Each structure stands twice: as C-alpha cells, then as structure tokens.
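Quick notes on the structure that follows.
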Amino acid sequence: MPKKQTRCSTCLWEKVCLSDEALSKGTLLKLQILMFNSQRFLFALTLICLTAFAAYLIRLNDFGTSSALKVDSADRLALVSYKERLWWISTKGELLYSAKPESVLSMAFVSGVSVNDLKIDPAQLRLIESLREVITDNKIVEVDLQEKCVVTVKGIVIYFDKWEDIIANLLSLDSAVSRMEPRSEYFLTANGVILKLRGGQIGTD
C-alpha cells in the first residue's frame, strides 16, 4: 500500500516567504533604479536650466554692451548735473545715461537745468548748444544756467549779465584767471572788465 504523501505546511510557508522576499527585493531594486533615474533627470534638467540662464545673461550683457556702443557713437552734446548725478545728453536734449566722474576732464558740466520726461528744457538745450565753446574750454569746470555763471578749475566763480559776455571774452580770460584768487567770486562786464566782488578789479588783456 503506497504511502500517502503529505504536504509540509512549514516548507510551503518557507516557499511563500522566499517568494515574498524575492518580490520585495525586486520591487526595492526597481524603486532604487527609478529614484536614480529621477535624480539623473533632475540633475540634467537643472544643468539645462543653468546653461540656458547663463546663455541668457551672456546675451543680455552683449545687448547692453552693444546698446552702450550705439549710444557712445551718437553725438553726445554735453554733461549735465541732474539729481546729484552727471548725465550725458544727446543733441535732442535726452538724458542718455549716467556719466563716469572722469568725464568732467573732457568738458565742463552744466548745472541748473530743467528736466521733464528725461529731456532738457528746449530753451536751455538751445542755450547749451550756443555755449559749446565755453563748455569745452579746459579752464571751465561748471556752467550754471540758473545763476548765470561759470566755475573755473581753481574754484573761481565768474558771474555776468549775458551769456554773450562770457562767449565774447572767453579767450581773454586765460591770463585774467591766472591772477584771480582761488575760490573767489568775480563779475565779468560786457566790455571784458572783471570786477572782484567785495572790492578789487581785474581787467582782461
């Protein structure tokens, strides 16, 4: 009589446990692979974004540089003082951009200007154009439109009644300025006589 085969519940349980353990390891491995791939994807995406952003900054910088070059190539009329900064203005009276401090070495700056919508008052613009010779004179550092005066490199302030007076006597001021006291105030008459305010007289040659 053949023996009756019996199924060992313990062995069956062990097989089931082993199958579950194998399944868990496989799932864990898949999750690890998925996480690794996700990290690689995020890293690649971040790298692409950073590269694109860097390219954008480079293009932006190139654009700003090219724009500045275009402005520099334009006819800059003068330097003006506005809101405690120096600005280059165009021949149309537009504020172009702020100037570097060393720009005053190339020409005098104009103060006392009226600005509306980033543009110089038309009447003042015409006056600045007529004073081009004065502004570019190497002994003048400031031209004040409101006070109607100029300031020389020695801090000397010279007042006058009409702008034509300073234009007409500009060349003869060279020798006169050399005899003036630094940080003093003078008045220029229409016939070229320079009077020291609070006494004294200096005649132009």
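The values are calculated or read from the model by the stated rules, or taken from the named source; none is laboratory data. Here the structure is a predicted model, which is why all the values come from computation and not from measurement. Please note: Cβ atoms are built from the backbone with ideal geometry, for glycine as well, and neighbour counts cover all protein chains shown.
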Requested in this report: Report yes if Ser172 is within 36 Å of the chain's Cα centre (by Cα), surrounded by fewer than 16 Cβ atoms within 10 Å (Cβ to Cβ) and among the small types (Gly, Ala, Ser), otherwise no.
Outcome: no
Report summary line: With the first residue restricted to segment 82-107 and required to be under 17 Å from Leu131 (Cα atoms) and in contact (Cβ under 8 Å) with a residue 24 or more places away in the chain, and the second required to be among the β-branched types (Val, Ile, Thr) and part of a helix (DSSP H, G or I), Cβ contacts under 6 Å at 6 or more apart or on different chains are Met107/Ile135
Report summary line: Residue count, segment 130-146, condition in contact with a strand residue (DSSP E or B) (Cβ under 7 Å, 6 or more places away or on another chain) and farther than 12 Å from Leu170 by Cβ, comes to 4
Report task. Specify the residue that is nearest to Ser130 (Cα to Cα); the eligible residues are those in segment 154-200 that are free of Cβ contacts under 8 Å to residues at least 24 places away in the same chain and assigned to a strand (DSSP E or B). Result -> Val193
Report task. Please indicate, with yes or no, whether at least one residue in segment 151-159 is in contact with a Phe, Trp or Tyr (Cβ under 6 Å, 6 or more places away or on another chain), β-branched (Val, Ile, Thr) and either closer than 23 Å to Lys83 by Cα or modelled with pLDDT under 95 (or both). Result -> no
Query raised in the report: Can you tell me which residues in segment 136-152 are among the aliphatic types (A, V, I, L, M) and part of a strand (DSSP E or B)?
Result: Ile140, Val141, Val143, Val150, Val151
Requested in this report: Go over the candidates Glu142, Glu185, Glu102 one by one and state the one that is out of contact with any helix residue (DSSP H, G or I) (no Cβ under 6 Å at 6 or more places or on another chain) and more than 17 Å from Leu86 (Cβ to Cβ).
Outcome: Glu185
Query raised in the report: Is there a residue in segment 117-135 that is part of a loop (DSSP other than H, G, I, E, B) and over 35 Å from the mean Cα position of the chain (by Cα)?
Result: no
Query raised in the report: Has segment 111-130 got at least one residue that is within 20 Å of Ser184 (Cβ to Cβ) and of a type in the set (Val, Ile, Thr)?
Result: no
Report summary line: Within segment 122-137, the count of residues that are within 18 Å of Leu86 (Cβ to Cβ) and surrounded by fewer than 18 Cβ atoms within 10 Å (Cβ to Cβ) comes to 2
